[in-house]
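The structure under discussion appears below in the form of structure tokens.
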Amino acid sequence: MTNHSETPEPFDNGAFDGPAPYDTHGLTLKTPAELADAVPYLLGYRPEDSMVLVSLRERDGHSRFGARGGLGIPKNPGHWKEAARTFAEGLVKGAERRGMRPEQMVAYVCQEPGPGETGRDVMERLRPLAQHLRVECGLLDIPVIEALCVSGGRFWSYCCRGNGCCPEDGAPMALPGTSVLAAAATYAGLQVRGTLRDFRARMLPWETGDVREQEEALDEMAKEIVPRILDGESTQVAEETLALADRLMRRLAAAPPIAGPILCDRRDDALIGKDEAARVILGLQDRTTRDRAAEWMEGDDAVPALRLWRALARRCVRSYGEYAAAPLALVGWVAWSTGDELEAREALAMALGADPDYLFAALLHQACNQGLDPESIRRCLRSEREERRGEGAEAASVTLPGETAEASRTLAAEAGETFQALRSEAGETLQDLQAEPRTPSAERTPQQAPRRRTRSGEQVTVVRRSSRTRPATRGGAKDETRPRTRSTRVVRQRRSPEDGTLPGTDETTEAE
């Protein structure tokens, strides 16, 4: 085994036949240090608390990067083996669908030290996880030629045989933006967009002094909108919601540009009133309204729509956290439609964290992770929009199949075209994208929870329930419309502190 210190020669750790340098965008990577420095440029973000796999394929005598991805590290070490297996199998299958089966793999585990912990402590603690990744890739007949731990600005190689070539305290990482690779990546137009935490921060609920006022605005708006939806006025509510959303988008688009995502988000928050945000958030709980809002997915509509959906997700505060699933799913859809798969996956994962049963987000997340082309869905949405305009209809729904077992039969004519196209383009079966049908269960009576009073003195009942009741729609199919109870009071589900966003997001990208 060669020395793991910096060397001008390509390294060989004995795990593969013949030394082969790693080439990306015309730059050859020869050492573990260069491999460690390459991770953010390969993923497009700086991984934190993540395991990462980067595949290699032989081409022209060089091992070139192929599919790569990152997944959050489970907090419970007992889940590491299963997570490693799922991650490795998912990345390899995704690469195979693209005709890019990996021949070798480089594994990374990245995590910052906790209080009282050193980088070396992290390296030792994550050693079993790195070993699980090596074993699971080996079971797929793909050798892991290097496994690195990155923590506290230093890196360690798990493949080092302890011959004194690697410092016990790890080798220092190059400062961000100072390495030869950073210069080459900048020249090639590659961009590192912070961390996944930075992406999530733009969509997390407010924690400012305005939280209480926003929650009360949602309370008051729900008392107006919920009875109207349940009394059959959903079409009128949808038109009002979409008209208001359109006005807000035009307001955001007309605002002068501001450099920096944080300042831009603050300015957008200031442009949207609390009552306006509450009305659109409540209106988007109707599936038909949400699907029509998804038509703002391209052209001049895409950017202001993305900003609006992010802003609304930030307004789903406190006990309205579950309601963020709709705007977060729309963030994911618009981001995917415009080519930003990184934000799309993170937003869709957050939508599933807000509501694990939100099948609209689940299906989009599955399709995005499988590398399918969103153009087929865009064509279907355009067709529905033109048909609605031509017929003068007031509402139309573009619903992905699989949202409920009953709806899949009655809505096949609407949504079948989309997934038939996806299937033909990706070579997948429809079963890979559909949720399994669930046996309808009897409607349960919600348990009564203590009531609390708003600032205005009115009582608000918070219902904790083990199963959700949803009003029936076409053909007796269940709908995703919220709120899901026939009560004129505001009914919402409180989530436990443990229920947050998913610990990580599957990321699979294709080689340039």
**Request:** Just rank L35, L328, fewest to most, by other beta-carbon atoms within 10 angstrom.
**Result:** L35, L328
**Gained length - D141 relative to E233, 0.36 nm times residue gap less alpha-carbon distance** = 27.3 nm
**Asked** Any idea how far the Cα center of the range 314-338 sits from the one of the range 74-123, in Å?
**Response** 27
**Request:** Please give the per residue volume of the convex hull enclosing the alpha carbon atoms of the range 22-194, rounded to a whole number of Å³.
**Result:** 121
**Asked** Can you list the lysines whose alpha carbon sits under 27 Å from that of K223, skipping same-chain ones fewer than 8 residues off?
**Response** K274, K478
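Can you give the FRET efficiency to the nearest 0.05 for E112 and V211, using r as the Cβ-Cβ distance and R₀ = 35 Å?
For E112 and V211, the calculated efficiency is 0.80.
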**Request:** Grab the beta carbon distance between R266 and D121, set R0 = 51 Å, and tell me the FRET efficiency rounded to 0.05.
**Result:** 0.85
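For an R0 of 25 angstrom, estimate the FRET efficiency from the Cβ-Cβ distance between D275 and A201 and round to the nearest 0.05.
Values: r = 25 Å, r/R0 = 1.00.
Calculated transfer efficiency: 0.50.
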**Request:** Give, in nm to one decimal, the length gained when the segment between A188 and S383 is fully stretched (0.36 nm per residue of separation minus the Cα-Cα distance).
**Result:** 66.4 nm
**Request:** Evaluate the distance, in nm, between pseudo-label points positioned 7 Å from the Cα of E168 and of R247 along their respective Cα→Cβ axes.
**Result:** 6.9
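Read-outs throughout are calculated quantities, based only on the coordinates presented, and are distinct from any laboratory measurement. Quick caveat: nothing in here was measured; it's all calculated off a predicted structure. Using ideal geometry, Cβ is built from the backbone for each residue, glycine included, and neighbour counts are taken over all protein chains shown.
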